[in-house]
Amino acid sequence: MGKVKASTLSLSVLVVIEMLNALNAISEDNSLLEQSPFINPWLLAAVSSSILLHCMILYVPLFATIFSIAPLTLHEWGLVMAFSSPVLLIDEILKVFSRAFNAAELRERLARKKNA
């Protein structure tokens, strides 16, 4: 059972990370806190569908047997979220650097245009 549970936790972490990455991809530079994910309802539908399908293979015994995984407890979902959520922080930090780089590049281009 230990190997099955470890596989289930690993799969769940990967699924959640990819769904969080999809939400973070709504904007290349703007923070997810600044730009509502509701701007792209199709993406929200796809993320919701993916999570629902993942839950289906976790909690429907036939699918759990086919995929050789086990249902997760609430505590285990907490672990999944704890290991998955840092991707949001990392992406937000990268977006801060990206915005700073883009702003510096824009200032440089405007200065060159003004001097030309």
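Each residue in segment 13-42 was checked for being under 12 Å from the mean Cα position of the chain (by Cα) and either of a type in the set (A, V, I, L, M, F, W, C) or closer than 17 Å to Trp77 by Cα (or both), and 13 pass. Within segment 31-55, the set of residues being under 17 Å from Val87 (Cβ atoms) and surrounded by fewer than 13 Cβ atoms within 10 Å (Cβ to Cβ) comprises Leu33 only. Within segment 8-30, the residues that satisfy the criterion of being of a type outside the set (A, V, I, L, M), surrounded by fewer than 17 Cβ atoms within 10 Å (Cβ to Cβ) and modelled with pLDDT of 95 or more are Ser10, Glu18. Return yes when Ile17 is assigned to a helix (DSSP H, G or I), within 30 Å of Gly2 (Cα to Cα) and without any contact (Cβ under 8 Å) to a residue 60 or more places away in the chain and no when it is not. No: the conditions fail for Ile17. Of all residue pairs spaced 6 or more apart or on separate chains, those with beta-carbon atoms under 9 Å, a first member in segment 91-116 that is within 19 Å of Leu23 (Cα to Cα) and a second member that is part of a helix (DSSP H, G or I) are Asp91/Leu20; Asp91/Asn21; Asp91/Asn24; Glu92/Asn24; Lys95/Asn24.
The values are calculated or read from the model by the stated rules, or taken from the named source; none is laboratory data. Just so we're clear, the structure is a prediction, and the values are computed from it rather than from any experiment. Methodologically, a virtual Cβ is constructed for each residue, glycine included, from the backbone with ideal geometry; neighbour enumeration extends over all protein chains shown.
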